[in-house]
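Peer 1: The structure's right below; bear with me while I get my questions together.
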2 protein chains.
Amino acid sequence: MTEDNIMDETLKSIRHSASHVLAQAVLELHPDTKLAIGPAIEDGFYYDFDLGGKTFSTEDLTALEKKMKHIIKQNQTFTQSEMDIDEAIKELKRKKQPYKVELAEALKKRGETKVGFNTMSLGKDEKFTDLCAGGHITSTKEIGAVKLLKVAGAYWRGDEKNKMLQRIYGTAFINEADLQQHLEQLKLAEERDHRKLGQELDLFTFSELVGAGLPMFTPRGTIIRNEIEKYLSDLQIIRGYQKVWSPHVAKNDLYKTSGHWDKFAENNFIVRGEDPDAEVFVIKPMNCPHHTQIYASRQRSYRDLPLRYFEISTIYRNEKVGQLHGLTRVRAITQDDAHIFCRPDQIEAEANLIYDIIEEFYGTFGMELTPRLSLSDPQQPSKYLGDRQLWESAENSLRDVLKKRVKHFEEQEGEAAFYGPKIDFEVKDAIGRTWQLATIQFDFNQPQRFRLEYIDEKGKKVQPVMVHRAVAGAIERFMGIMIEHYGGAFPLWLAPVQVMIVSVSDQFNDRVYELANELSLAGIRVEVDDSKETVGNKIRKAEGQKIPYMLVFGEKEASGKKLTVRRRGSRDMEEVDKKKFITQVEKEIASRK
Amino acid sequence: MTEDNIMDETLKSIRHSASHVLAQAVLELHPDTKLAIGPAIEDGFYYDFDLGGKTFSTEDLTALEKKMKHIIKQNQTFTQSEMDIDEAIKELKRKKQPYKVELAEALKKRGETKVGFNTMSLGKDEKFTDLCAGGHITSTKEIGAVKLLKVAGAYWRGDEKNKMLQRIYGTAFINEADLQQHLEQLKLAEERDHRKLGQELDLFTFSELVGAGLPMFTPRGTIIRNEIEKYLSDLQIIRGYQKVWSPHVAKNDLYKTSGHWDKFAENNFIVRGEDPDAEVFVIKPMNCPHHTQIYASRQRSYRDLPLRYFEISTIYRNEKVGQLHGLTRVRAITQDDAHIFCRPDQIEAEANLIYDIIEEFYGTFGMELTPRLSLSDPQQPSKYLGDRQLWESAENSLRDVLKKRVKHFEEQEGEAAFYGPKIDFEVKDAIGRTWQLATIQFDFNQPQRFRLEYIDEKGKKVQPVMVHRAVAGAIERFMGIMIEHYGGAFPLWLAPVQVMIVSVSDQFNDRVYELANELSLAGIRVEVDDSKETVGNKIRKAEGQKIPYMLVFGEKEASGKKLTVRRRGSRDMEEVDKKKFITQVEKEIASRK
């Protein structure tokens, strides 16, 4: 286990323990409360409570936080124990905790005979006991800093048909400094919230009629999408990738062959006709099986490989409404997808080529990459599919790629998928949050399931290696992250409107539109503000829309060859020769900086 | 009714009658045959027969055609009559025609009390009687020319669970010259069949696992798709259209509001969860409702209009397998779609702008356009939705557009949709076939159903006019047509591989790849053939792949600055200066000629 992992586990224990501290505090201040569940989550924890119809106020949260700090200071200890399940159910009934009873009964139904409990004590004095599978710190003092963040409604078990509970969100850290840094980050993230900016900058929209998690992109948002997609295309085509196209629907036979059908759960969109004999269709939840069919459409020779198919195509997953979030958790997921079919001796070169693309792409956005190598567990070779020698050589190739490219990288044994090793990349955004976006994933399974082959030098039929790889990941999620990364102030190449011409008076409108035309023909996205408002207001509006360049156009500009340029975020006006301005802007766009 | 229409109706009657002649001929030569149905279809007719498990041979067809010609020469007359339905069923049972009995019983079930029959007679001698709703010529002599084309299997009522019947296809014309012209066209069409060329040129593929009607495009085919899509984009963006993006899925609520839900039949892909209360989703069968939601996402002012949203997006329709055909009848239909939201006073200008796009687009492909104006029926104003004055002004605008642009156009009263008038365009391909592809369709209904509005000059809320328009129609179908239009020999801008460099010997390979790189950097799609085959074979292969330019590269080319160029279809080699060649090719690509 690496240092980072230990840190993650410690924080998780601290936060899980903090949720118990919260539950204890709630029971002390609101004794009739029924407890539901309280897990650690990314960046914090929550606990769901049934207050019998009442809700928590901000004052309640303040009081609860104070009570929690008191409990932490007492340095209560955590002790994990086990109890016979029937006894446990009796005990929970006695304590009038119906949600806990329901949880224990569900465990019994699954065949469990014992359940875990965690008890918080002050000396010999038991203060609070909760149904719990474990994962705690030793005593509350290890919770260096705690903060309650907000309260929200949440259905019991996430099901709209159940009762709405009160969910308190909080977070906890090893020390106060870490907490403060996190709170600062949260504040920044809130200011940059892509859902808010998306509305203000008119980038995308949702409609109740269309459904949750199914965004529509307005003209401005579509420009950003398309620029990102075009950049991804450019990076790949120059490296010998070929675009392909596959439909968004396939018969379930495709997924029976790929092996996914058995694992399909309720989060797949499945079309079944009323006739039980009718074909069953699936809205594709991934592109790989389709791409195998393009590969399989011809006989391939060792000379044809590698074949690098890429496609930016939308896949669909029917996520629960409660799990959706703006663009970062959607049901329509446009994947920047590629599948490489190569010979075993091409693994290292292909991994390097993908790495080049990922590195150049994130370099453009000024984002730092942290790669992590996921390997098989050498103690359990039977867990993995495919030839052991191929695994070893692929793992060695990936390690060599990383060794040559980065000073430090994590290696995790046992983290590989059953079908192949991989490199995942974490990416850090402008306010310090990390996102898992890019990946290079080898696959020894799909080629076998689809019986893919090529003819080798000796005329023998051999199975190719398949590589899945993502650069941006999902376009929607990436866009959400980009909106927050830039706080809406996109670099020129991504800005939906690159230049706003502010007309000083109607009398210059002809010249203003002439100029707009000239810029437009140079491939610059330009708009004109010829409304009746004051120049000051127009500039403020353009600034609010975070438009990179504003050109104020009045008598002086109409009679000369100079333009008056105002850059986004600057108070200064600059006089620039028109031709020079156009050339500069063209260069800036092309550089994608 | 126009002349074209009369012609269509006459041909339809001739062909329908020819199918009866065929049935008579079959019964004479194969007396135990059970008759199914025999309609006129586009370009001909067919008749389905049950031969009791036997099949028709080519010799049978020859004999049948001979017999038909004999019947035609006899000049038998057609007489239409009616019979009580129960009597008819009895009569058909007596004649041992179970399929006809089934048809008559189905009519009875629908509440019919009488059925039609058609009788062919020679003088007073009744030769053949068939269950028939009518639509015949007077006597067989009007069938100027007849030809049986092929025989194929076809399930009774198109249902795979039913018995497989023998379907004989044929065609008939007013005279022999028309028939010969048609047969010539069929021969040309067969040589150019896009399904055959698609395989030979490696443009697209189907997979049984993915399903019928769901094509996948290989790298070469994807290039053509993307070039067409890019051209459509270019034509529109320069005219103020804005790209938008919408998901391929929506809740059924969207279609309940649009009014389509009630009309949704089995050819829609509908996703119903197992829980009857779960959301019901539809794979979108059109883009319009989504686009109304983008319009509705903000308040609009008269100053914002027209708003022209365009999107090239795939819609899905679950067509019956038997109705699918290569790329021209598919289940995955990528629509070149746009919706314009405008003020009533902008109708004419918008129609003209769309016409400009359509005209420029088809001009590039060298295809002739025939517009047809579909108007409301002034006798039945109640059939149409929306303000009568708006209808009249829109109809007048469209007529004015056509009057100013074309010498002759058809006007069809009563052919408008209930929601608005339209202009449809027929397009003629290189072998004389016509296709209905482009359309300009006004819609006064959707804006009302979705309560779309804008604020007019007086601050009042007003309903915008919506325009649907297609230029290429479906990209898949258009591609299928283009493959046949060009017989696979695409103009340079569409050719997947534009230049093939034929290496004379391995020793020049470095220089060959250098040249390929240079062309590639100039944006030219180039491939190298450095295989061990002879130069002659390599050229034949490139010619077979219909590659526009071949460069033969050997000692002479390596030591000089000239290239040896061979154009597709020419036997001559030309010496051209390298720079000049690159400039020429770049120009030819940019011109899209």
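The values are calculated or read from the model by the stated rules, or taken from the named source; none is laboratory data. The structure presented is a predicted model; accordingly, all values stated were derived computationally and were not measured. Using ideal geometry, Cβ is built from the backbone for each residue, glycine included, and neighbour counts are taken over all protein chains shown.
Peer 1: For region B:216-234: of the residues being touching a residue at least 60 places away in the same chain (Cβ under 8 Å) and facing chain A (nearest Cβ under 7 Å), which is nearest to the chain's Cα centre (by Cα)?
Peer 2: B:ARG225
Listed here are the residues, each with its yes/no results for (1) of a type in the set (Asp, Glu); (2) out of contact with any Gly (no Cβ under 8 Å at 6 or more places or on another chain).
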site: A:GLY326; (1), (2): no, no
site: A:ASP337; (1), (2): yes, yes
site: A:ALA349; (1), (2): no, yes
site: A:LEU390; (1), (2): no, yes
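Peer 1: Looking at region A:468-483 only, could you name the residues that are more than 16 Å from A:GLN436 (Cβ to Cβ) and in contact with a His (Cβ under 7 Å, 6 or more places away or on another chain)?
Peer 2: A:ILE483
Peer 1: Wholly within region B:531-593, which helices (runs of 4 or more DSSP H) include no fewer than the required count, namely at least 3 residues that are surrounded by fewer than 12 Cβ atoms within 10 Å (Cβ to Cβ)?
Peer 2: Of the helices (runs of 4 or more DSSP H) lying wholly inside region B:531-593, those with at least 3 residues that are surrounded by fewer than 12 Cβ atoms within 10 Å (Cβ to Cβ) span B:578-591.
Peer 1: Ok, one more. Kindly evaluate B:THR434 against the criterion of being surrounded by 16 or more Cβ atoms within 10 Å (Cβ to Cβ) and among the hydroxyl-bearing types (Ser, Thr, Tyr).
Peer 2: Judged against the criteria, B:THR434 is not a match.
Peer 1: Restricting region A:19-47 to residues that are assigned to a helix (DSSP H, G or I) and among the β-branched types (Val, Ile, Thr), which is surrounded by the fewest Cβ atoms within 10 Å (Cβ to Cβ)?
Peer 2: Filtering first and then ranking leaves A:VAL26.
Peer 1: Quick one: which of B:GLN299, B:GLN293, B:GLN199 is polar (S, T, N, Q) and buried (at least 16 other Cβ atoms within 10 Å of the Cβ)?
Peer 2: That would be B:GLN293, the only listed residue that is polar (S, T, N, Q) and buried (at least 16 other Cβ atoms within 10 Å of the Cβ).
Peer 1: Same structure again: Regarding B:VAL271, is this residue part of a strand (DSSP E or B), within 28 Å of the chain's Cα centre (by Cα) and at the interface with another protein chain (Cβ under 8 Å from one of its Cβ atoms)? Steps first, answer last, please.
Peer 2: On the way: part of a strand (DSSP E or B): yes; within 28 Å of the chain's Cα centre (by Cα): yes; at the interface with another protein chain (Cβ under 8 Å from one of its Cβ atoms): yes.
The answer is yes for B:VAL271.
Peer 1: A further question follows. State yes or no: is B:MET466 touching a residue at least 12 places away in the same chain (Cβ under 8 Å), more than 13 Å from the chain's Cα centre (by Cα) and within 24 Å of B:ALA338 (Cβ to Cβ)? Give the steps one after another, and end with the answer.
Peer 2: On the way: touching a residue at least 12 places away in the same chain (Cβ under 8 Å): yes; more than 13 Å from the chain's Cα centre (by Cα): yes; within 24 Å of B:ALA338 (Cβ to Cβ): yes.
Yes: the conditions hold for B:MET466.
Peer 1: Then there is this: Of the conditions (1) within 25 Å of the chain's Cα centre (by Cα); (2) in a strand (DSSP E or B); (3) modelled with pLDDT of 95 or more, A:GLN166 satisfies every one except a single condition; which number is it?
Peer 2: (1) is the only condition that A:GLN166 fails.
Peer 1: Still on this structure, please answer the following. Please verify whether A:ALA558 is within 17 Å of A:LEU519 (Cα to Cα), small (Gly, Ala, Ser) and within 38 Å of the chain's Cα centre (by Cα), treating the condition exactly as stated.
Peer 2: It is false that A:ALA558 is within 17 Å of A:LEU519 (Cα to Cα), small (Gly, Ala, Ser) and within 38 Å of the chain's Cα centre (by Cα).
Peer 1: Still on this model: Residues to consider are B:ASP337, B:ASP345; find the one that is without any contact (Cβ under 8 Å) to a residue 24 or more places away in the chain and more than 7 Å from chain A (Cβ to nearest Cβ).
Peer 2: B:ASP345
Peer 1: Same structure, new question: A:ASP356: of a type in the set (D, E, K, R) and more than 14 Å from every other protein chain (Cβ to nearest Cβ), yes or no?
Peer 2: Against the criterion (of a type in the set (D, E, K, R) and more than 14 Å from every other protein chain (Cβ to nearest Cβ)), A:ASP356 qualifies.
Peer 1: Which pairs turn up if I take residues in region A:180-200 that are farther than 19 Å from A:ARG225 by Cβ and look for partners that are of a type in the set (Ser, Thr, Tyr) with beta carbon separation below 7 Å, at least 6 apart in sequence or on another chain?
Peer 2: Within 7 Å, the pairs are A:HIS182/A:THR171.
Peer 1: So, in region B:244-259, how many residues would count as being surrounded by fewer than 23 Cβ atoms within 10 Å (Cβ to Cβ) and within 7 Å of another protein chain (Cβ to nearest Cβ)?
Peer 2: Our first condition is that a residue be surrounded by fewer than 23 Cβ atoms within 10 Å (Cβ to Cβ); within region B:244-259, this holds for B:251-253, B:256-259.
After this cut, where a residue has to be within 7 Å of another protein chain (Cβ to nearest Cβ) as well, the list is B:251, B:253, B:257.
The total comes to 3.
Peer 1: Next up: Could you please tell me which pairs satisfy a Cβ distance under 6 Å, a separation of 6+ or placement on different chains, a first residue in region B:138-165 that is in the same structural domain as B:THR55 (by TED's automatic domain parsing) and more than 23 Å from B:SER13 (Cα to Cα), and a second residue that is of a type in the set (Ser, Thr, Tyr) and modelled with pLDDT under 95?
Peer 2: Note: pairs meeting the criteria are B:ASN162/B:TYR155; B:MET164/B:TYR155.
Peer 1: Please report, ordered by residue number, the strands (runs of 3 or more DSSP E) entirely within region B:404-496 with at least 1 residues that are farther than 19 Å from B:LEU369 by Cβ.
Peer 2: It comes to B:410-413, B:434-443, B:465-474.
Peer 1: Which one is farthest from the chain's Cα centre (by Cα), of the residues in region A:274-305 that are at pLDDT 95 or above, at the interface with another protein chain (Cβ under 9 Å from one of its Cβ atoms) and assigned to a loop (DSSP other than H, G, I, E, B)?
Peer 2: A:ARG298
Peer 1: Restrict the check to region A:310-323 and report whether at least one residue is more than 28 Å from A:PHE478 (Cα to Cα) and either at the interface with another protein chain (Cβ under 9 Å from one of its Cβ atoms) or part of a strand (DSSP E or B) (or both).
Peer 2: No.
Peer 1: What residue, among those in region B:169-207 that are within 21 Å of B:GLY480 (Cα to Cα) and assigned to a loop (DSSP other than H, G, I, E, B), is farthest from the other protein chains (Cβ to nearest Cβ)?
Peer 2: Only one residue tops the list, namely B:ARG192.
Peer 1: While we're on this one: Could you say whether any residue in region B:2-14 is farther than 30 Å from B:PRO371 by Cβ and either of a type in the set (A, V, I, L, M, F, W, C) or surrounded by 13 or more Cβ atoms within 10 Å (Cβ to Cβ) (or both)?
Peer 2: Checking region B:2-14: not a single residue is farther than 30 Å from B:PRO371 by Cβ and either of a type in the set (A, V, I, L, M, F, W, C) or surrounded by 13 or more Cβ atoms within 10 Å (Cβ to Cβ) (or both).
Peer 1: Sort out which residues of region B:91-113 are surrounded by 20 or more Cβ atoms within 10 Å (Cβ to Cβ) and of a type in the set (S, T, N, Q), and write them in order of number.
Peer 2: Scanning region B:91-113 gives a single hit, B:GLN97.
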